[in-house]
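Input: a single structure, listed below in structure tokens.
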Amino acid sequence: MLIVYSLILILAFSAFGILIVNNYKDIRMRNVEVRLFQTANIVADTYKANMEDIIYTRFMVKSYGQQAGSRILILDKNKNVLVDNYNALINKTLDNREIRNSLKGNSSSGIYTINNEEVLHISVPITRNDGLEIQIIGAVLISTSMDSLNLDIQTLKDSMLKIAIAALTISLAVVIIFSNRITKPLRELTYGVEKLSTGDLGFHIDRKRDDEIGRLIQSFNDMSHKLNTIEQNRKTFINSISHELRTPLTSIKALIDSLLIGDNSIDTYREYLGDVYNETERMERLVGYLTTSIRLEDMILDIKACELNSILDEAVKLMAPYAKKMEVDIKFKSTEDIVIMCDRDRIKEVFINLIDNSIKYRDEQKDNNYVIVALKNCKDHIAVTVRDNGLGISRSELSNIFQGGFRILDKGIIKGENIKGYGIGLAIVKNVLDKHNWTISVDSLPKQGSVFTIIIPT
Ligand code: ADP
């Protein structure tokens with residue numbers, strides 16, 4: 001990447017440098033040409049005015065030549081040199097493109113390389129107007145060395161090269177610093193992703209900036225944190241489930257062991273087998289919960305028009321024997337028939353779950369435990385409430401109970417509480433209701449009871 005940046009910068013600097021040097025050379029050349037054409041015209045005028053006094057003309061030409069730092073020649077129309085400020089070519093015949101052009105009446109210029117030296121030739125015609133026509137009587141040829149101009153340009157090139165090298169070094173340093181600023185967090189992110197992929201969930205990258213990359217790092221950290229939480233939950237869940245499965249398995253093994261030792265009466269067998277049956281039932285329920293929660297992930301609802309009253313009535317009747325056994329009074333306040341669109345079996349499961357919890361979490365210190373299931377048809381929704389006066393839930397735990405967490409189960413294990421649960425019931429309830437676009441909320445106070453409210457939009 002750095003090589004590409006460097007190449008781009010070098011190319012840009014070179015193009016810029018060549019442009020500047022060429023422009024500078026053009027401007028300087030044009031200036032020299034203009035100046036020499038002016039001098040040539042003055043020389044031509046001086047010659048015309050003093051044709052009879054060639055000595056004076058030579059003297060003037062010498063002084064113009066000195067001023068211009070150039071060689072000045074005056075030629076007649078036969079290309080014979082009349083005046084040469086260097087004297088060497090007087091009376092010699094000269095011929096070149098510029099002289100020929102001037103004798104045809106045109107001013108012209110050209111650059112030639114003579115003895116490895118660049119020389120600029122310019123020439124102008126000397127004309128005389130005798131009243132009838134304009135006659136060309138000769139030409140002025142000025143030749144000047146381009147050495148000093150070329151030296152200036154070389155000096156400019158050297159300076160430009162020095163500036164370019166300095167600018168290139170500074171730009172590369174800036175590019176390196178900035179590209180490092182961009183690539184460093186990306187390298188950190190890549191490292192973080194590699195860490196996650198090798199199982200280091202929860203890996204955290206320090207966020208040092210507030211821009212897009214900073215936000216990307218923040219999202220990475222959030223994702224990493226969530227993945228870690230999910231992984232922790234999964235481990236806790238597996239631990240809890242293993243614990244829950246091991247307990248009945250241990251008691252079944254102990255019961256069978258004691259049956260295998262010695263002679264037991266048929267009543268003992270019956271009693272022990274009854275216990276084995278209960279433990280097996282417990283395991284069956286747990287496995288049932290697990291399967292349901294897994295199946296819910298890709299559940300497809302069978303939505304039909306159903307009577308809400310009859311669903312609630314069935315759920316209450318189904319739970320009535322359990323409520324009686326637990327000495328909990330269960331009531332259902334039904335209203336007129338309300339038809340709703342839902343998956344009947346799933347919604348019945350939801351109500352059974354809520355009623356089951358209300359019975360399960362009854363307050364054994366009270367002698368009038370109750371569960372009231374009520375239905376209210378409001379303007380734009382139907383509200384179903386399941387109210388109990390059981391143990392209630394503390395405010396700090398309220399927000400967690402719908403999460404597929406197994407917290408309460410853990411609590412049960414740690415504190416050795418009697419009430420058995422797998423912490424999945426309400427998560428399943430919420431999942432089913434979400435899929436119906438219904439909502440559930442809870443209001444609860446410890447030792448006073450809980451109210452679960454389901455809102456069905458109409
Ligand atoms: P569990 O299998 O533990 O009952 P749930 O998901 O059904 O799992 O409920 C989660 C937790 O919410 C329970 O462990 C319990 O502490 C609390 N809870 C649910 N319903 C009630 C209720 N009616 N009264 C008091 N606590 C409740």
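What the phi angles of segment 114-130 give under the Karplus curve with 6.51, -1.76 and 1.60, with θ = phi - 60°, is a coupling list of 10, 6, 6, 10, 7, 10, 9, 10, 10, 9, 10, x, 9, 10, 9, 9, 8 Hz, glycine and proline written as x.
The magnitude of the dipole of segment 304-457, with charges of +1 and -1 set on the Cβ of Lys/Arg and Asp/Glu and taken from the Cα centre, is near 240 debye. Between LYS325 and ASP152, the modelled labels are 11.2 nm apart [label points 7 Å from Cα along Cα→Cβ].
Would you mind checking segment 167-184 for residues with the amide N under 18 Å from a putative spin-label position 7 Å along Cα→C-beta of ILE3? Label zone hits: 172, 176. Taking a point 7 Å from the Cα of VAL175 along the Cα-to-Cβ direction, the residues of segment 1-36 with backbone N closer than 11 Å to it are 1-13.
Here the extension length gained between ILE165 and LEU227 equals 17.2 nm, from 0.36 nm per residue of separation less the Cα-Cα distance.
For the chain, the relative contact order works out to 9 percent when only alpha carbon pairs closer than 8 Å and six or more residues apart are counted. Distance between the C-alpha centres of segment 1-68 and segment 141-174: 17 Å, rounded to the whole angstrom. With runs of 4+ DSSP H residues as the only contributors, calculate the mean residue ellipticity of the chain at 222 nm using -39,500 (n - 2.57) per run, divided by the residue total and rounded to the nearest 500. Theoretical 222 nm ellipticity from helices: -20000 deg cm²/dmol. Among beta bridges from DSSP that stay inside the chain, the antiparallel ones total about 90%. Residue separation of ARG285 and LEU273 scaled by 0.36 nm, minus their Cα-Cα distance, works out to 2.5 nm of gained length.
Here segment 1-97 is assigned +1 on the Cβ of each Lys and Arg and -1 on the Cβ of each Asp and Glu. Its dipole about the Cα centre then comes out at about 120 debye.
Find out how many positive minus negative residues lie around TYR64, taking Lys and Arg as positive, Asp and Glu as negative, among other residues whose Cβ is under 12 Å from that of TYR64. Counting the neighbours of TYR64, the net charge comes to +3.
The phi torsions of segment 168-175, fed into the Karplus equation with coefficients 6.51, -1.76 and 1.60 and a -60° offset, translate into couplings of 4, 4, 5, 4, 5, 4, 5, 4 Hz, rounded to whole numbers, with Gly and Pro shown as x. Is the shape of segment 215-308 best called rounded, prolate or oblate, per the rule: a/c under 1.5 gives rounded, else a/b larger than b/c gives prolate, else oblate, with a ≥ b ≥ c the square roots of the Cα gyration tensor eigenvalues? Oblate, since a/c reaches 1.5 and b/c is not below a/b. Dipole orientation for the chain: of the candidates ILE401, SER70, VAL328, SER70 has the Cα lying most toward the positive pole (charges on Cβ; Lys, Arg +1; Asp, Glu -1).
Evaluated over segment 331-385, the count of Lys pairs having alpha-carbon atoms less than 23 Å apart is 11 (only pairs 8 or more residues apart or interchain).
Remark: PHE452, PHE203 ranked as PHE203, PHE452, counting other beta-carbon atoms within 10 Å and listing the fewest first. Rounded to whole numbers, the Karplus 3J(HN,Hα) couplings from phi for segment 434-443 are 4, 5, 8, 6, 9, 10, 10, 9, 9, 10 Hz, using 6.51 cos²θ - 1.76 cosθ + 1.60 with θ = phi - 60°, and x at Gly and Pro. The residue among GLY131, GLY199, SER444 whose Cα reaches farthest toward the positive pole of the charge dipole of the chain, with charges on the beta-carbon of Lys, Arg, Asp and Glu, is GLY131. Give the lysines reachable from LYS162 as a straight Cα distance under 30 Å; neighbours fewer than 8 places away on the same chain don't count. Those lysines meeting the cut-off are LYS25. Amide H to amide H distances under 5 Å link GLY105 with no residue, where only residues 5 or more positions off or on other chains count and H is placed in the peptide plane.
For GLY138, nonlocal amide neighbours, meaning residues 5 or more places apart or on other chains whose placed amide H falls under 5 Å from its own, are ILE126. Given +1 on the Cβ of Lys and Arg, -1 on the Cβ of Asp and Glu, and no further charges, what dipole in debye does the chain carry about its Cα centre, rounded to the nearest 20? Taking the Cα centre of the chain as origin, the dipole is about 1360 debye. Taking amide H atoms as placed 1.01 Å from N in the peptide plane, the amide H of VAL371 lies under 5 Å from those of ASP329, ILE330, LYS331, each 5 or more residues away in sequence or on another chain.
Taken along the Cα-to-beta-carbon direction at a fixed 7 Å, the label points for HIS243 and ASP200 span 3.1 nm. Think of the chain as a dipole: +1 on every Lys or Arg Cβ, -1 on every Asp or Glu Cβ, centred on the Cα centre; then among LEU318, LEU7, ILE340, LEU7 lies furthest on the positive end. Using the Cβ-Cβ distance between ARG97 and ARG187 with R0 set to 56 Å, the FRET efficiency works out to roughly 0.25.
Rule-based calculations on the coordinates, nothing more; no lab input. Predicted, not measured: the structure shown is a model, and the values here were computed from it. Quick reminder, even Gly has a Cβ in these numbers, built from the backbone with ideal geometry, and neighbours come from all protein chains shown.
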